[in-house]
Amino acid sequence: MLTLSQRDVFRYLASEVYDKQPADIQSFLLASNILDELEPEFCDRLLGLANSRKLLNDIESRNLFTNRIDGEKAWYRYHHLFREFLQAKLLKEDPEQFSSLHSKAASLFEQDQRWNDAITHFLKARRYDQAMRVIKTVGEDFHKSGKWATVSKWIEALPRDMRLSDPGYPVPELATGILLGVGLAGLGAYIVLGRRKGSRKVKSLDGAA
């Protein structure tokens, strides 16, 4: 049975798909792939365009490995293999633009108060200081609403030296768990946040304090 490697797939996508598109489509594909979901209005803001909706319609009509995920709003998502190809191409050809686009997307998401998207893109841009700033702003509210695993994921994605050197985490119990070497796996098993009256202990599931 014939199997294709990732290199074979990427070579096909380059020669038979991407390279045959007009320049405006190529440029849009290469820049917009940093987004998980392609919203025309957001693409316009991110890329400084006024025709993202038309470009996305053209991409769909060309059958360029794009799925419409919201018919009414015309939101799209690239097929994961096509997106991986585009991301690898952008990162190889222009790593500075890769970082810059993620950073700009993060700032726009922050303006829209889409906190998870903002932090995720700051992390991908390796703007760890900005990611930490937003985490400190919204982390406690996320934790109080039951999204402790999301906060833990953000903190785990930060460089270890930053986690160890900055005591100002928005959720002390999560920070304590990481500093003690529990890590996301331990938190994922659910470190019971021991918020007894007058107690700040962090307890594990086996009852050890």
Counting only residues in region 129-146 that are of a type outside the set (A, V, I, L, M, F, W, C) and over 26 Å from residue 39 (Cβ atoms), the one modelled with the highest pLDDT is identified as 129
Return a yes/no flag: does region 26-41 have any residue that is more than 22 Å from the chain's Cα centre (by Cα) and under 23 Å from residue 99 (Cβ atoms). yes
Quick check, is residue 149 closer than 24 Å to residue 95 by Cα, surrounded by fewer than 20 Cβ atoms within 10 Å (Cβ to Cβ), at pLDDT below 95 and outside the structural domain of residue 43 (by TED's automatic domain parsing)? no
Determine if region 106-115 includes at least one residue that is at pLDDT below 95 and acidic (Asp, Glu). no
Where the second residue is surrounded by 17 or more Cβ atoms within 10 Å (Cβ to Cβ) and of a type in the set (Phe, Trp, Tyr) and the first is more than 12 Å from residue 118 (Cβ to Cβ) and lies in region 129-157, which pairs have Cβ atoms under 6 Å and are six or more apart or on separate chains? 150/142; 151/142
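The values are calculated or read from the model by the stated rules, or taken from the named source; none is laboratory data. From a predicted model like this one, the values you see are computed outputs, not experimental measurements. Heads up, the Cβs are rebuilt from the backbone with ideal geometry, glycines too, and the neighbour counts pull from every protein chain shown.
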